[in-house]
Amino acid sequence: MPQLVEAHMTLTLDGFGTGENQRLEAPFGDGVGEDLHRWMFEDGANNRAERDAIVDYGAFVMGRNMFDPGRGPWDPEWRGWWGPNPPYHRPVFVVTHHPRPSLEMEGGTVFHFVSDGPEHALARARAAAGDANVAIAGGVQTLRHYLNAGAVDRLYLTIAAELMHRGERLWDGLTARLEPMSARHTRFATHVAYRVGRL
């Protein structure tokens, strides 16, 4: 099987993945509460396959704000949102304008900070993953970039029954063509899988 690049994201019904004004006290921004991801926690058993799939990759790529609430130079004490043992347990390549030494965490997760562009970050992730697939972990702008670049083979969206009205909306500026493959409904969400093409 050839190596695939896939992506997972939870969106509201109106297409938002994060709200405005992301910061330490509000990791997903204003207007985003736990309801966006309640499918993971309040109905975890019925969504186990989708939860497990998010981290079932050989390497990951994410944007700066998926790792850190800051926008400028790094706070050297900041080690991510997930505590000492992040869920990835594989190499993670963080796209950023600000270089930083790699950060080794418990459980095998190593964050590498890539300041020479998203294409280079994906190339490094592909090499690190070996025969395994690669995941674009988010956030919204990073995922949209890779979708529009034709770099993603499959997209897995979880649509939560919530409205956000403002923030980062995946559909704004999206030029990739999404061809539905499958859909599955659980109590708090609908999981939809797409093949990704170009318009």
Pairwise FRET efficiency - Trp78 versus Thr190, Cβ, R0 = 41 Å, nearest 0.05: 0.75
For the chain, set up a Gaussian network in which alpha carbons nearer than 10 Å are linked by springs, and say which option among Asp52, Asp68, Asp14 fluctuates the most. Asp52
Counted neighbours (other Cβ, 10 Å), sorted fewest up, put Ile136, Ile159 in the order Ile159, Ile136
Checking the range 44-123 for GluC sites (Glu not before Pro) in a loop per DSSP with at most 13 other beta-carbon atoms within 10 Å yields Glu77
If you add up the charges near Met181, with Lys and Arg at +1 and Asp and Glu at -1, over every other residue whose beta carbon is less than 15 angstrom from its beta carbon, what do you get? 0
Neighbour-count order for Met1, Met164, fewest beta carbons within 10 angstrom listed first: Met1, Met164
Of all DSSP beta bridges in the chain, antiparallel share, percent nearest 5: 50 percent
For the chain, the longest site-free run once trypsin sites (Lys or Arg not before Pro) in DSSP loop states with at most 12 other Cβ atoms within 10 Å are removed: 72-165
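Compute the convex hull volume of the Cα atoms of the chain, divide it by the residue count, and report the result per residue in Å³ as a whole number.
It is 122 Å³ per residue.
Computed from the coordinates by the stated procedures, all read-outs in this text should not be read as laboratory data. Here the structure is a predicted model, which means the values were calculated and not measured. Positions of Cβ are generated from backbone atoms using ideal geometry, with glycine treated the same way; all protein chains shown enter the neighbour counts.
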